[in-house]
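K.L.:
Supplied in structure tokens, the structure appears directly below.
Any read-out appearing in this document is the output of simple, stated calculations on the displayed coordinates, not a laboratory observation. Since we're looking at a predicted model, the values are computed, not measured. Methodologically, a virtual Cβ is constructed for each residue, glycine included, from the backbone with ideal geometry; neighbour enumeration extends over all protein chains shown.
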Amino acid sequence: MTGDALHTTFHGIGVSAGTAVGPLVIVTPAPKAPDDEAPTTDAAAASGVVRGVLEDVAAGLEARAAKASEHARPILEAGAMMARDPGLAVGIDTQLQSGKGITTAVTVAVEEYCAMFESLGGYMAERVTDLRDVRDRAVARLLGKPEPGVPALTEPSILAAHDLAPAETATLTTETCLGIITEIGGPTSHTAILASQLGIPAVVQAVGIMAIPFGTLVAIDGGVGEITVNPTAEETGLLAERKRRRAAALAGGTGNGATKDGYPVALLANIGTADDARKAAKQPVEGVGLFRTEFLFLDRETMPTVEEQTATYTEVFEAFGDRRIVVRTLDAGADKPLKFADLGPEDNPALGRRGIRLGMIRTEVLDAQLEALAAAYKATGADVRVMAPMIATQAEATWFAARVRALGLPKVGVMIEVPAAAIRSRGILFHVDFASLGTNDLQQYTMAADRMQGELADLLNPWEPALLDVVALACEGGQAMGKPVGVCGEAAGDPGLALVLAGLGVSSLSMAPGKVPAVRTALGLHTMTQCQQMAAAARAGTNAAEAKSAVMKMADPVLADLF
Ligand code: PEP
Ligand code: MG
């Protein structure tokens, strides 16, 4: 952070390009019932207060539901229903009558209710998350504090949080959320991924941003990772100029991805929900290169049925017509915990039973998903390609391919995100039809640096030459086997790196749809020979900064406007 209290500049890591100016809204943490709370002496009066607060919570959630996306609406409506549940109010009354302080009574009664719901299992058990959210909102109101989590945005605002849970980010819309700033998180954290999926400018690692008062005017540049508090007219003007130059560079061009001399590089979308699919399908993308299916189930306590999954997959496939859809089977574990596919605590979850390893243990979860994918494929005849996450060995690849093919699914592939698979991609590709490089995990494992740990962001810069070397190895295997190798990690959406990846032989790039225009423009400005030369120059760098600067020097000057 630099500057005085009124006019301050924060430098973080830009993870979703674009610029915006707006008032800052802080995402407040959930307050706890105070330990030294006074006991209740007038239970009837306290009961009236709690009921009023619960009604306010319900009305607030309902108002947000009315404006929320299709994905977030049911979550918010369920919360409103919980807040109005007469059983909950009676439970709180009992606690108040026993003399407990008002927020303690709410907390204890909600926990009792949660225990009962959990014992019922199924749909009821899933409501526990909604109940605890209602508790946090009610306790905050009773303490005279703002409700926790993402507040209802009444005007277009820039959101600041210590960190954002994926479910919270998913409730945001571009109409009211102009930008996202977090204090922690790295370039491949899920806040970053979801922000770019929503097309919202975002900066992570902006340490100290939470100290800026609510409502302060801030300017955010998600391309370079800069935040200016109380920007001057000159700064706002420069940002507007940058926005204009970027828009000019992006103008025109909606066709298939190709280099200046016509080498095709398919430009695909990364999606996580049916809502994402409908939005992405309206964009000029050549299909989906990564459907992260676990995002459909992040807030679920129990496994969704085959019928429910079939309905969702059918919806997604229909949205894309005859364009390709690469579906990744559940990648549960580590940074994407799924309650219904949990194998218990591990010391090193990122190196543990996650991805395909979990699928091979909980075969019923994987088989139900494949069954649903096969049914949706048969119903739509879509160009469906199914791939497994975290493949490390040929044995895993053959095991997965056999299961997918047995169900009549037409194409099977693997994600290459473990260095072993990149180094030996030739052997792995022998068993499958294609591979997609998950550069987020590939980098985490190449550098032995946790992708969730923002402090290690320097090791997680996707321009890192060691990562490029591992990508090159994977591509060599693809060329030897005559099978396509794409990229679906965040690196694919960086317009400069996209040139390097194309030069290394990558045949498709899959990214948040909002990033496609910049990558399309970058490719169209350079020939394949230039891309190959840039790839060689980047790999010759001794670190990420050198790799990037070598490429920027060789590139068309317009490339700089695309970030
Ligand atoms: C990756 O690891 O690069 C990837 C695309 O998968 P995810 O980010 O979902 O782990
Ligand atoms: Mg991954």
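K.L.:
Hey, got a sec? Which trypsin sites (Lys or Arg not before Pro) in region 1-65 land in a DSSP loop and have at most 13 other Cβ atoms within 10 Å?
P.N.:
Values: sites: Lys32, Arg51, Arg64; in loops: Lys32.
Answer by residue number: Lys32.
K.L.:
Could you work out the relative contact order of the chain, using alpha carbon pairs under 8 angstrom and six or more residues apart, expressed as a whole percent?
P.N.:
15
K.L.:
Would you mind finding the longest exposed-site-free stretch of the chain, with exposed GluC sites (Glu not before Pro) meaning DSSP loop and at most 11 other Cβ atoms within 10 Å?
P.N.:
Between the exposed loop sites, the longest stretch runs 176-563.
K.L.:
Which lysines does Lys100 reach when only Cα atoms under 29 Å apart count, and residues fewer than 8 places away in its own chain are ignored?
P.N.:
The qualifying lysines are Lys32, Lys145.
K.L.:
Within 10 Å of each residue's Cβ, count the other Cβ atoms and sort Asp133, Asp347, Asp561 from fewest upward.
P.N.:
Fewest to most other Cβ atoms nearby, the residues stand as Asp347, Asp561, Asp133.
K.L.:
Could you grab the relative contact order for region 446-563? Cα pairs under 8 Å, six or more apart, rounded to a whole percent.
P.N.:
Taking the mean separation of contacting Cα pairs over the length of region 446-563, I get 28 percent.
K.L.:
What is region 252-557's relative contact order, in percent, from Cα pairs under 8 angstrom and six or more apart in sequence?
P.N.:
It rounds to 19 percent for region 252-557.
K.L.:
Is the chain rounded, prolate or oblate when judged by the Cα gyration tensor, a ≥ b ≥ c being the square roots of its eigenvalues, rounded requiring a/c under 1.5 and prolate requiring a/b larger than b/c?
P.N.:
Here the chain falls in the oblate category.
K.L.:
My understanding is that a pair violates if its Cα-Cα distance is over 26 Å; which of Lys243/Lys282; Lys260/Lys515; Lys336/Lys483; Lys282/Lys378; Lys243/Lys553; Lys282/Lys548 do that in this structure?
P.N.:
Values: Lys243/Lys282 23 Å; Lys260/Lys515 19 Å; Lys336/Lys483 29 Å; Lys282/Lys378 23 Å; Lys243/Lys553 22 Å; Lys282/Lys548 32 Å.
In this structure, Lys336/Lys483; Lys282/Lys548 lie more than 26 Å apart at Cα.
K.L.:
For the chain, what is the calculated [θ] at 222 nm in deg cm²/dmol (nearest 500), taking -39500 (n - 2.57) for each run of four or more DSSP H residues and dividing by its residue count?
P.N.:
-14500 deg cm²/dmol
K.L.:
Where in the chain are the helices, taken as whole DSSP H runs, whose Cα atoms extend 30 angstrom or more along the long axis and whose Kyte-Doolittle mean reaches at least 0.0?
P.N.:
43-67
K.L.:
Roughly what % antiparallel, to the nearest 5, for the DSSP beta bridges in the chain? It would help to have the intermediate numbers written out before the result.
P.N.:
Working: 21 of 59 bridges.
That works out to approximately 35 percent antiparallel.
K.L.:
What are the chymotrypsin sites (Phe, Trp or Tyr not before Pro) within region 233-311 that DSSP puts in a loop, where the Cβ has at most 15 other Cβ atoms within 10 Å?
P.N.:
Answer by residue number: there is no such site.
K.L.:
For a test of the definition: using alpha carbon positions, the gyration tensor, and the 1.5 limit on a/c, classify region 422-546 as rounded, prolate or oblate.
P.N.:
Values: a/c = 1.38, a/b = 1.07, b/c = 1.29.
Since a/c stays below 1.5, the shape of region 422-546 is classed as rounded.
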